[in-house]
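Asker: Before I ask anything, here is the structure I am working with.
The values are calculated or read from the model by the stated rules, or taken from the named source; none is laboratory data. Bear in mind that the values here come from a model prediction, so they are computed numbers and not experimental data. No Cβ is skipped: glycine too gets one built from the backbone with ideal geometry, and neighbour counts run over all protein chains shown. Accessible surface is based on the protein model in full, side chains and every heavy atom, while ligands, DNA and RNA are left aside. Shrake-Rupley method; radii C 1.70, N 1.55, O 1.52, S 1.80 Å.
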Amino acid sequence: DEVGDLAAAFNVMTEAVRDRTRRLEQTAADLEARKDELSHERDRLDAMVRSMQDPLVFFDAEGRVQLSNRAAEPLLPFLSGAGGRDLALRCARGEWTDERDCVACLARGDLPKQSCRLEVGVRVYEVLATRIPTAGGWLGRLLVARDITELVTFDERQARQERLAVLGEIAAVVAHELNNPLSAIAMYAQMMASELPAGSPFHEHVDVVRRNTETCSRAVRGLRVHGLSAQKEQDSCLLYTS
């Protein structure tokens, strides 16, 4: 009986070990599948981040760069604290700023969100830095930048178009206002010359009036030409931007 009880207990223990082994094997298989899934998700996320056209940088809690994509390469020299002399930084206030202050503001700022505009060389970036919170504090900061160089260039071109439009309108108005009295002066000078006797000394005065009137007329024609050129340039700019 004792041997039978021992055998029964051993069989129960063996079955429990087998069941435990099966569960461990299933758990190991689940963990392996989960590992493959996480690895796939990580690779996909890494591919998405690196293929982004906008710069993306992740800082840890100490402000060190932990993750970045290819688009962020122009910003990395000063974000990593190893900026060069060719970097020209301008913050959103429109003032030139010290590189260290800029990095501290973006990577280790106290605000939950920090947005600014940076001029790095010939490129202009609109930057948004967001704090990533965790249960025990915060994990780091995520910086997303957008290259707005073309947008800034477009705004400058638009402002130039507006100036050209105003210049064209002013030139047209001034030319019209000057042309009418000049035409009257030229006509009366011609009438006066036709009515003066052949030997009158006033012919010389009439010639002076006529020459100066022609000079003013040429200036008015030049003003009209400049106004038309400005209008044509504005139209071509509008066609280009549209």
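Asker: Length gain on complete extension for the stretch Thr215 to Gln53, per 0.36 nm per residue less the alpha carbon to alpha carbon distance?
Answerer: That works out to 52.5 nm of additional length.
Asker: Where the accessible area of segment 132-235 is counted over protein heavy atoms with a 1.4 Å probe, how much of it, in %, is carbon and sulfur?
Answerer: 62
Asker: Take the Cβ-Cβ distance between Leu142 and Asp30 as r, set R0 to 25 Å, and report the resulting FRET efficiency rounded to the nearest 0.05. Don't skip to the end; give the middle numbers.
Answerer: Working: r = 31 Å, r/R0 = 1.26.
That pair, Leu142 with Asp30, gives E of 0.20.
Asker: For Asp5 and Glu41, compute 0.36 nm times the residue count separating them, minus their Cα-Cα distance, and round to one decimal in nm.
Answerer: 7.7 nm
Asker: Points 7 angstrom from Cα along the Cβ direction at Ser183 and Val208: gap in nanometres?
Answerer: 2.7
Asker: What's the local net charge at Glu177, with K and R +1, D and E -1, over the other residues with C-beta under 14 Å away?
Answerer: Once all neighbours under 14 Å are counted, the net charge is 0.
Asker: Using a simple spin-label model with points 7 Å from Cα along the Cα→Cβ vector, what separation in nm is obtained for Ala159 and Arg123?
Answerer: 2.3
Asker: Further question: Under 14 Å from the Cβ of Leu38, count the other residues' Cβ atoms, weight Lys and Arg +1, Asp and Glu -1, and hand me the total.
Answerer: Every neighbour counted, the sum reads -3.
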